[in-house]
Amino acid sequence: MEYTLNEVLIKPKREKYSRKNNPAVELMKKVVASKELDDLKQKDHYNYNVYQKLTLALNNITADSLRESKLFKQYPFFREQVEYCPEIDKNILPLSVDETLTQIVYRKNPESEKHIIKGINSTGVNELFNTGDMLTTVLKDVFQNVNVYEDRVRLLQYPFDSPISDNGIGFYRYYIMDTTYVEKDKCFQLSFVPNNPQDFGFTGTLYILADSTFRLKQCVLNLPAKTDVNFVESLKIVQGFGALPTGEWVQQTDDMLCEMNFFGGHFMVRRVTRNSDYAFEEISPTIFKRKGKEIKEVNAMMRDEEFWNQYRAQTDLTKSESNMGNFIDNLANIKGFKYIMIGLKALIESYVETGNPSKVDVGPINAMVSSNYVDGFRLRATAQTTANLHPQIFLK
């Protein structure tokens with residue numbers, strides 16, 4: 001007699017994990033106990049530069065779409081903008097790239113920290129919108145920097161427990177996998193997973209120096225597959241640490257890559273961060289008297305290519321990122337594109353321009369049509385003046 005099975009489900013035996021007499025747990029206790037020694041905030045003063053590049057791209061551009069899509073056939077410049085992303089082994093189409101150079105300045109007593117923005121460079125779809133910088137602001141808010149030395153970090157607008165937090169041993173399970181070398185430093189390789197995969201924690205790998213310092217050389221953080229974060233398909237963060245000539249142990253690199261799926265589209269956000277020029281001399285108190293934590297220099301948006309090449313030394317722009325200006329020019333020249341932009345601006349900005357330059361914008365669009373059970377269907381017309389409307393016209 002023969003039977004046909006639709007499927008066979010094989011489940012592993014339930015894992016038995018114990019923290020008692022676990023060498024991985026004992027190692028992590030030493031890592032947590034020694035992390036304060038590398039906390040820069042133990043210094044009286046410090047300052048360093050942070051170069052950051054944030055790229056938004058259409059994701060998962062397949063060979064079939066390149067071959068069959070009317071968009072790529074009719075407009076070859078779209079095809080030229082597509083490039084291969086080795087980190088995810090997929091083709092992507094970069095839409096915008098934003099670079100910032102920020103100097104972090106810190107004083108311990110009285111404690112104060114300032115972020116001095118020295119350079120801003122933005123190209124891509126952001127340029128097409130009056131509120132284009134809003135996109136960058138939202139992305140930076142959602143994909144905030146992760147400091148694994150803090151007990152709890154905020155990412156994707158959710159709190160996550162760090163794998164080297166004071167409570168990490170109770171939150172995570174650790175496993176010593178191997179000893180390996182990272183940039184000539186011998187390290188213990190530890191894997192970690194949350195006790196509960198649905199908790200807001202990371203999975204990943206820690207590389208701990210195999211010496212008496214128990215310093216973190218590198219960490220790889222992934223978002224667990226079962227974590228319920230809207231729109232996010234995958235997220236990976238890789239951070240690297242190293243010693244300065246003066247002996248301090250500091251973070252040097254921070255790379256993040258996130259794949260998302262929303263409104264039926266596949267997108268990728270890639271953030272590259274490089275820290276450099278660490279210094280620990282006393283800082284002029286004048287800087288700390290300025291209002292606000294974030295200070296933008298007046299010429300931050302007028303930096304030349306020489307300035308940016310100085311800080312891109314470790315991470316150059318890709319071919320498509322460098323070609324972003326030509327891509328946007330070609331996009332604007334598509335027949336009928338201005339009508340598409342009117343619709344997109346109405347959706348994103350809630351206002352429609354009435355001229356070039358526009359003196360009066362119609363909107364907000366989302367408030368012009370309404371309906372309720374008392375009044376029924378209602379229409380209203382509203383508008384706002386812009387900076388292009390000069391008061392003098394009313395004086396004639």
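The values are calculated or read from the model by the stated rules, or taken from the named source; none is laboratory data. The model shown is predicted, which means the values in this text are computed figures rather than measured ones. Every residue, glycine among them, receives a Cβ derived from its backbone with ideal geometry; neighbour counts consider all protein chains shown. Surface accessibility is based on the protein's heavy atoms, side chains included, excluding ligands, DNA and RNA. Shrake-Rupley method; radii C 1.70, N 1.55, O 1.52, S 1.80 Å.
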Zone of Asp44's modelled label, taken as backbone nitrogen in the stretch 83-117 under 11 Å from a point 7 Å along Cα→Cβ: 108-109
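With a 1.4 Å probe and all protein chains left in place, how much accessible area per residue does the stretch 222-315 have, in Å²? Mind showing how you got there, number by number?
Numbers: 5500 Å² over 94 residues.
Heavy-atom SASA per residue in the stretch 222-315 reads 59 Å².
By its C-alpha gyration tensor, with a ≥ b ≥ c as the square roots of the eigenvalues, how is the stretch 58-104 shaped: rounded for a/c under 1.5, else prolate for a/b larger than b/c, else oblate? Let's see the in-between values first.
Details: a/c = 4.30, a/b = 2.01, b/c = 2.14.
It comes out oblate by the Cα gyration axes.
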For the stretch 147-182 and the stretch 293-319, compute the distance between their C-alpha centroids and round to whole Å. 32 Å
Under 25 Å, Cα to Cα: Lys pairs in the stretch 36-116, sequence gap 8 or more or different chains: 8
Can you give me the solvent accessible area of Asp151 with a 1.4 Å probe, rounded to the nearest 10 Å²? 60 Å²
Work out how much length Lys291 to Glu111 would gain on full extension: take 0.36 nm times their residue separation and subtract the Cα-Cα distance, in nm to one decimal. 63.3 nm
Arg152-Lys16 pseudo-label distance in nm [points 7 Å out on the Cα-to-Cβ vector]: 3.5 nm
Could you give the nm distance between label points at Asn222 and Asp89, where each point is 7 Å from its Cα heading toward the beta carbon? 1.2 nm
